[in-house]
Each structure stands twice: as structure tokens, then as C-alpha cells.
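Take a look at the structure below.
FYI, it's all coordinate maths here, none of it is from the lab. Worth saying up front: this structure is predicted, and the values here are computed from it rather than measured. Here the Cβ is made from the backbone with ideal geometry for all residues, glycine too, and neighbour counts use every protein chain on show.
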Amino acid sequence: MSGGTRRGSLDEEEPDGQCECECRNPGGGGGGRTITSSIPARLDRLPWSRWHWTIVIGLGTVWILDGLEVTVVGNIAGRLSEPGSGLPISSGQVTGIAAALYVAGACVGALFWGHLTDRYGRKSSS
């Protein structure tokens, strides 16, 4: 519900557990209409579980490894371009090749893992 505003908080919710959300048309037409739903209140009452910790730790690990990869490439670029390293390549070329491989790997990885997710991870809605 983009463009909507939630009135009140968990402490100020209706006695029956309902929350009111005012939705506005992004195009600016007409007034907003009020939708009453118990979904936000239900989500606020859900406990923090092991599943949540697994997701947070998994995403944090991937974030750290992604930053580490960029840092490693940046640090070795200077050593690879030094005279006597055995590679007739400049620091700019090392960085350019690394950037190209990084983007190519991200694209191939997204296609590969996206296909596996669609094939094995998604459940049929029928």
C-alpha cells in the first residue's frame, strides 16, 4: 500500500485489533479512502523467531563477503600491476577486468539461482 499512512501505533490500535490505513491515489485524484485491516496488528504481535535470526545472519554474511570481495580486488590491483609481477597490465586494467567479471558473475548468478528458485523453491498457487 504505497502512498498510504498508518494512523496510530501498536499502543493506539483499536480495541478489536484493527488498524486503519488511509490510501491516496498517487495520481492525485479524489480523496483517500480508509481501509480497516487486522494484518499490521497481527504482524506486530508475531514473536521474533529462529527463522528471523537465520535470515538476518545470512544476509549479514553475504553483505560482508560482498564487501570483502571488492576490498580484495582493490588491494591486489596494485600488486598485480607492479613491474616484475609477471603481468604486463596496468592498475586500471586490473580494476576494469575485475569490475567486468564482477558484473558478469552477478548476472550469471542471478540467472542461475533465479532459475533454481523458480523451479524448486516456488509453490504452485493452484
### Query
Considering only DSSP states other than H, G, I, E and B, which trypsin sites (Lys or Arg not before Pro) in the range 72-126 qualify as loop sites with at most 16 other Cβ atoms within 10 Å?
R122, K123
### Task
Search the structure for amide H atoms under 5 Å from the amide H of I89, placed 1.01 Å from N in the peptide plane, and list their residues when 5 or more places away or on another chain.
none
### Query
Given 0.36 nm per residue, what is the gain on full extension from E82 to I97 after removing their alpha carbon distance, in nm?
3.8 nm
### Task
Could I have the simple spin-label model distance between I89 and A106, label points 7 Å from Cα toward Cβ, reported in nm to one decimal?
2.0
## Note on the structure
Here the gain from full extension of L116 to L59, 0.36 nm per residue of separation minus their alpha-carbon distance, amounts to 18.6 nm
